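Written below as structure tokens is the structure these notes are about.
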Amino acid sequence: MISLADLQRRIASGALSADAALAQSQEAITAHDKDLGAFVCRDQNARAQNAGPLRGIAVGIKDIIDTADFPTEMGSSIYKGFRPRADAPVVAALKRAGATIIGKTTTTAFAANDPTATVNPHNHAHTPGGSSSGSAAAVGAGMIPLALGTQTGGSVIRPASFCGAAAIKPTYRLLPAVGVKCFSWTLDTVGLFAAGVEDLACGLSAMTGRAELLLPASIAAPRIAVVTQDFAGEIEAASVEALQLAARAAERAGATVRTLTLSKIFAEAWHIHTTVQQFEAHQALAWEYRERYDEMAPLLRGRLDESRDIPPAEYDEAQAIAARARAELAAIFKEVDVLLTYSAPGAPPKGLDSTGDPRINRLWTLMGVPCVNVPAYVAEGNLPVGVQVTAPFGEDGKALAAARFLEQALKK
């Protein structure tokens, strides 16, 4: 993979020009994307900017995020050729930091269930995950150093795990979701994919102007609570192995590691994530569902059909449960620095008829807390499996630092 931080250092030292850095990504896309199908479109003549911390950095943008220079088709024939007049704020932030938007990456239709044709860069017979399929695959394949995705259920952390990339789902609304096709305004979160945790920190810091997100020179050993989310169903052996490896590595490196069983309120919150998501999706996609029903992707259309009759009172109660769980989670973080859990229920599933299951990620998206995927294990078939580091709301720097600590521990 291409390290954003390494490119930054080489460009700053004069060892590499911004144009040469950009050319590396262009060449890699040309060489590999015909087999992977990660890009919807790209600018083969894109030029590097001459200033900014992200100059020379090629960035892929998930195709539900508005771009003035490229169509935003949202994985749906309904929006074929649609060209927004303005960039979404997250795209504008990248440009302001000097990045070059090199193209749009594939997404499932409206960032929902129906898979794309994108394949896993490590084993083409397996899914790259979704809904941020193209962004995860493009970074995991070493075509670009940075990409944007979104998460409403598990669409940043899960595909990152499947594609062997680092990724962050930041604190809810750290990055604005304005100009991003809405699915659920309570849940939709813009996230980043990169080669490693340092690269995520550099990218997120440059986008937000927050120097505190950069990694410190020395990272203290964190207090870690391992959470297995038994209420979320059975976990495959590959993810169990990844979590055990990560916990042992962290402990050897000096972290305090203990197991934490979540209380009943978290099982309830996990269960009602779907209520919140689908109630809001019916409003966010009301025009498409009413006016272009036959053109909607079949799996998404079926989900909307099944959830048409959620009463407002049920939605209100779901939101109340989520609020209680968030309060209890804040109390847990007074005793530990971060939580360590699975990034996905297992290795990437075989075939392209599914993007995998987001059930491991739903709770943390609903909580709005920062989550970082750290690649931890490679299962049979050269299939990556990650683990997730979760920190308190608003403490994205702590999440990144603990993830970096774990990343380094796993390499020892």
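The values are calculated or read from the model by the stated rules, or taken from the named source; none is laboratory data. In this text the structure is predicted, and so the values were computed from the model without any measurement. As a convention, Cβ positions derive from the backbone with ideal geometry for all residues, glycine included, and neighbour counts pool all protein chains shown.
Observations on the structure shown:
- Among the residues listed as 123, 113, the single one being at pLDDT below 95, over 30 Å from residue 48 (Cα atoms) and over 14 Å from the mean Cα position of the chain (by Cα): 113
- Of all residues in the stretch 381-412 being among the charged types (D, E, K, R) and touching a residue at least 60 places away in the same chain (Cβ under 8 Å), the one that is farthest from residue 239 (Cα to Cα): 395
- Selection from the stretch 348-403 of residues that are closer than 19 Å to residue 111 by Cα and aromatic (Phe, Trp, Tyr): 364
- Those residues of the stretch 61-88 which are out of contact with any strand residue (DSSP E or B) (no Cβ under 9 Å at 6 or more places or on another chain) and touching a residue at least 40 places away in the same chain (Cβ under 8 Å), in sequence order: 74, 76, 77, 78, 84, 86
- Inside the stretch 122-138, residues that are within 13 Å of residue 107 (Cα to Cα) and of a type outside the set (Ser, Thr, Tyr) make up a count of 7.
- Odd one out for residue 301, checked against (1) part of a helix (DSSP H, G or I); (2) assigned by TED's automatic domain parsing to the domain that holds residue 246; (3) crowded, with 18+ Cβ neighbours inside 10 Å; (4) of a type outside the set (Phe, Trp, Tyr): (2)
- Residue in the stretch 152-168 that is over 23 Å from residue 360 (Cα atoms), part of a loop (DSSP other than H, G, I, E, B) and not charged (D, E, K, R) present: no
- Residue ID - nearest to residue 330 (Cα to Cα), chosen from residues in the stretch 392-412 that are in a helix (DSSP H, G or I) and small (Gly, Ala, Ser): 399
- Filter result (in a strand (DSSP E or B) and touching a His at 6+ places or on another chain (Cβ under 7 Å)) within the stretch 341-391: 350, 383, 384
- Qualifying residue in the stretch 267-274 (condition: among the acidic types (Asp, Glu), under 22 Å from the mean Cα position of the chain (by Cα) and within 21 Å of residue 317 (Cβ to Cβ)): no
- The set of residues in the stretch 224-250 that are in contact with a Ser or Thr (Cβ under 7 Å, 6 or more places away or on another chain) and free of Cβ contacts under 8 Å to residues at least 60 places away in the same chain is empty.
- Residue count for the stretch 104-150 under the criterion of being touching a Cys at 6+ places or on another chain (Cβ under 8 Å) and not charged (D, E, K, R): the result is 10.
- Checking 200, 204, 187 one by one, the residue that is in contact (Cβ under 8 Å) with a residue 60 or more places away in the chain, of a type outside the set (S, T, N, Q), crowded, with 21+ Cβ neighbours inside 10 Å and part of a loop (DSSP other than H, G, I, E, B) is 187 and no other.
- Residue that is surrounded by the most Cβ atoms within 10 Å (Cβ to Cβ), among those in the stretch 309-357 that are more than 17 Å from residue 238 (Cβ to Cβ) and among the basic types (Lys, Arg): 326
- Restricting the stretch 229-254 to residues that are not hydrophobic (A, V, I, L, M, F, W, C) and not in a helix (DSSP H, G or I), the residue that is surrounded by the fewest Cβ atoms within 10 Å (Cβ to Cβ): 234
- Picking from residues in the stretch 255-270 that are without any contact (Cβ under 8 Å) to a residue 40 or more places away in the chain and part of a helix (DSSP H, G or I), the one that is surrounded by the most Cβ atoms within 10 Å (Cβ to Cβ) is 267.
- The one condition from (1) touching a residue at least 12 places away in the same chain (Cβ under 8 Å); (2) closer than 18 Å to residue 184 by Cβ that residue 287 does not meet is (1).
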